[in-house]
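Shown next, in structure tokens, is the structure this report addresses.
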2 protein chains.
Amino acid sequence: MSLIQPRTPSGVMELLPGEQIAFQSFLDTIRRGYERFGFLPVETPVFELTDVLLTKSGGETEKQVYFVQSTGARQQGRDPEMALRFDLTVPLARYVAEHEHDLAFPFRRYQMQRVYRGERAQKGRFREFYQCDIDVIGKDALPLAFDAEIPAVIHQVFSDLKVGGFTINFNNRKILAGLLAGLGIGEPGRQALVLREIDRLDKVGRDKVLESLTGGELALAADTAARILDLIGLSGSNADVVAALRGMDIADETFRAGLSELETVLDGLAALRVPERHYRVNLAIARGLDYYTGTVYETFLDDHPGIGSVCSGGRYENLASNYTRSRLPGVGISIGATRLFYQLREAGVIAAHASTAAALVALMDPALAAESYSLAAELRAAGINTELTLEPAKIAKQLKYADRVGIRFAVLIGADEAARGTATVKDLTRGTQVELPRAEVAGHLRDAAGTA
Amino acid sequence: MSLIQPRTPSGVMELLPGEQIAFQSFLDTIRRGYERFGFLPVETPVFELTDVLLTKSGGETEKQVYFVQSTGARQQGRDPEMALRFDLTVPLARYVAEHEHDLAFPFRRYQMQRVYRGERAQKGRFREFYQCDIDVIGKDALPLAFDAEIPAVIHQVFSDLKVGGFTINFNNRKILAGLLAGLGIGEPGRQALVLREIDRLDKVGRDKVLESLTGGELALAADTAARILDLIGLSGSNADVVAALRGMDIADETFRAGLSELETVLDGLAALRVPERHYRVNLAIARGLDYYTGTVYETFLDDHPGIGSVCSGGRYENLASNYTRSRLPGVGISIGATRLFYQLREAGVIAAHASTAAALVALMDPALAAESYSLAAELRAAGINTELTLEPAKIAKQLKYADRVGIRFAVLIGADEAARGTATVKDLTRGTQVELPRAEVAGHLRDAAGTA
């Protein structure tokens, strides 16, 4: 029989078991952080009905959608009724609108599932990837205090992930919009053009941006362009930036509202005890124009700026206007866990983890199998993840295996141990060994696991 | 703007948050059980290339497949390149063949992901559902000891799930095949017909089955049919059944091999300390003919026989012959977690869980917000999942909310507490309250959480 080459579609991250353990632990840490703040889990189906999913008028998103169709529907030549979700925001909107009367608002939800995009495959770009989202959805209104809780959760998660220093950058879209309006740039299309130039600042530098702002379509006056760049270039401590913004003497109401919101969020972060070194006001953070209306966030790893923002989001006015007439304002962020894990692994920050097992009960002699079987049962009953050798092999080979797959302790019962009612515990990390009464093995392993 | 009705496709299980917490806990328990035995996690992409996935020659499976196609591929009129997995066995075969040289054998893997089948929608039938599989894959050979480890894992998982009594039924396909061969029914097609009749025994009774065996296509002699039914009807303790099988004086080699394997598995289960009340030899367990070749398992809940088998599987000769010439025998089982959870919930065995939060820090007075914010931060730093009220509301409403969503403790700081440096902790389950110095709140909650 001819063989089929075993392979996955391109653009997916499939891991070997040691790496999968590390990734699972990564996801568990994120989940624990979300639950630490009382966020509630939601899972939605991988596919949605196409009319529910594709509410937006064409555009990039629709081009990247994967449609789903059963054999029967295909044979009948029907158009696909379903498509794979491309993010977790549309499913959240559908979920909240559908279950509105069964949910308590403000509704804090987290969702950690895979999403699908028909991207052209290239290194580090995924067609299937995990997103780990939190959002708080209010009914009619949502207090600004939630705009401070969101970065407090991010602080918890990235502290727990132990991936080095990180900084949550945040801004309020009203500040820039207000400034622009005050300068006579009130038309949304023109504001969008300015924001797009601002987003290029990191890449092309101040002079090029100044040139674009004063030339071409926008043709701003030189002092107007300079004023914009002065504002977004404000730096120093958070208090310095706020003081400078206050001192700018801009009367525009939207600007004042944005500044006031920014200060409220800063106060909230301090009250929630988030260390100030982990967040900073960055007026150059703009993010796409349509969706976010107030606070916006981007998070960067201090030692890996090249990765870009690892966690982004913001405040939006109305989650689910396609599905319900209820007004549902919200604020949230998303961690692209597959991409982040992949890049941290490439950067050597994350290594494959140890096995799921803490101990290997070796098989010294098949005639003593019953001894090792029952010892394994005792260790498991004591809550210790225990692998048991079931295939006879030289003991050196068993120890080498344990070492290779990252099982720290090997437990052996040979003829001597069996006669004495003991077991020998080898610590493969430390290179030590000790013979103990069988009843003491579980306790010893638990104590020793706490040491390195 | 006209609204789109928010709804999911039929045949999916989407849960409200309280139920999702219960389901998450259910899945976590299964995972913990699998890891207790050192099984290693694998996740595969939701879709596979169609030529990799659909290796079987048509049949029921292919009719139920969901094909996946990007917008671009659809526009070009191409056939779908990918399809959603319909089980976890084909992806495992592809994974092991693809990564054969990076895996250590025997390879114990677990996989807990959703699978997809284009079934006709009906109550309790799902098009998207979780499977939670374990398999051990050997290279060239796999010792029989693993056939005992698999039910030991099942015993761990179902004990931990706390869903009442359960019994792992097992059999060895060689016993029946050998008996049939010894009775002159050696042709696989005829064996399959007999097995199909045996599978009907529970439903239609002994007489009807006897009638089918002796009539129609099979036309067995009456004493042959009676001999078959006597064998599969053997009952009593496991030792009784084995003794009766031994006493049957059947010389067929396959029969003797199957009996010897059965006894080895029984010895292994005893050595692994699985209580005998949880497993029994049941010679009527046949399972579909093609795939399983030795030990087969089905597990039933003692109090809910109507649910049918909640965990089934067995031993197979060769996992991945479509993808590799290596011989990869294996043994494994699968828990259909979505269906099982759904049915246990319908039966009232599983209820929606409490919130992810153990404590709600209430907001007594917006002027004292900073006090409650920092207390929430302290509790979180102490590892207590804590929800913080951020939206001003009457205190009675906050307490009612906590009670409704299943948060047991409410922590309050009013003007008096703020002045005294204390907080009041209300236990909503017990209806008690106590005022404590702030520094003692976290410890009190931890201690009190251990009580009911």
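What follows is calculated from the coordinates using simple rules that are stated; it is not laboratory data. Treat the numbers as computed from the prediction; the structure is a model and nothing was measured. Note: ideal-geometry Cβ built from the backbone for every residue, glycine included; neighbour counts use all protein chains shown.
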* Asked: How far apart are the A:Ala354 label points across copies, placing each 7 Å from Cα toward Cβ, in nm, shortest first?
  -> 3.1
* **Mean residue ellipticity (222 nm) of chain A, computed from DSSP H runs ≥ 4 via -39,500 (n - 2.57), nearest 500** => -12000 deg cm²/dmol
* Quick one: check the C-alpha center-to-center distance for segment B:387-452 versus segment B:182-236, whole angstrom. => 67 Å
* Length gain on complete extension for the stretch B:Glu217 to B:Arg446, per 0.36 nm per residue less the alpha carbon to alpha carbon distance? -> 75.5 nm
* **Pairwise FRET efficiency - A:Asp140 versus B:Ala419, Cβ, R0 = 60 Å, nearest 0.05** => 0.95
* So in segment A:359-449, what percent of DSSP beta bridges are antiparallel if you round to the nearest 5? -> 60 percent
* Which of the listed residues, A:Ile232, A:Leu272, A:Gly216, is farthest toward the dipole's positive end in segment A:165-302, when Lys, Arg count +1 and Asp, Glu count -1 at the beta-carbon? -> A:Leu272
* Asked: How big, in percent, is the set of alpha carbon pairs in segment B:63-190 lying more than 17 Å apart?
  -> 75 percent
* Compute the Rg to Rh ratio over segment A:318-452 from the alpha carbon atoms, using the Kirkwood formula for Rh, and round to two decimal places. => 1.29
* To do: Could I get the Rg over Rh figure for the protein assembly as shown? Both from C-alpha atoms, Rh via Kirkwood, rounded to two places.
  => 1.01
* Residues with amide H under 5 Å of B:Asn318's amide H, sequence separation 5 or more or different chain, H placed in the peptide plane at 1.01 Å from N; which? -> B:Gly330
* Structure fact -> Rg/Rh of segment A:165-302 (Cα atoms, Kirkwood Rh), to two decimals, equals 0.96
* Structure fact -> Magnitude of the Cβ-charge dipole (Lys and Arg +1, Asp and Glu -1) of the protein assembly as shown about the Cα centre, nearest 20 debye, reported as 600 debye
* In nm, one decimal, shortest first: how far is the label point of A:Leu201 (7 Å from Cα along Cα to beta carbon) from the matching points in the other copies? -> 7.9
* Between copies, how close do the A:Asp223 label points come, placed 7 Å along Cα→Cβ, listed in nm from shortest? -> 11.7
* Would you calculate the volume per residue, in Å³, of the smallest convex hull containing every Cα atom of segment B:376-444? => 95 Å³
* To do: About the Cα centre of chain B, how large is the charge dipole given +1 on each Lys and Arg Cβ and -1 on each Asp and Glu Cβ? Please answer in debye to the nearest 20.
  => 800 debye
* Asked: Out of segment A:256-332, which trypsin sites (Lys or Arg not before Pro) are coil in DSSP terms and have no more than 11 other C-beta atoms within 10 Å?
  -> A:Arg325
* Which links in A:Lys162/A:Lys426; B:Lys162/B:Lys400; A:Lys397/A:Lys426; A:Lys63/A:Lys203; A:Lys397/B:Lys139; B:Lys394/B:Lys426 stretch past 19 Å when you go from one Cα to the other? -> A:Lys162/A:Lys426; B:Lys162/B:Lys400; A:Lys63/A:Lys203
* Given the peptides A:230-239, B:303-312, A:91-100, arrange them by the average over their residues of other C-beta atoms within 10 Å, most packed first. => A:91-100, B:303-312, A:230-239
* Please report how far the C-alpha centroid of segment B:71-119 lies from that of segment A:258-298, rounded to the nearest whole angstrom. => 42 Å
* Asked: To one decimal place, what Kirkwood hydrodynamic radius in Å is obtained for chain B from all pairs of distinct Cα atoms?
  -> 25.9 Å
* Asked: Mind listing which GluC sites (Glu not before Pro) in segment B:168-250 are in a DSSP loop and have 10 or fewer other Cβ atoms within 10 Å?
  -> B:Glu217
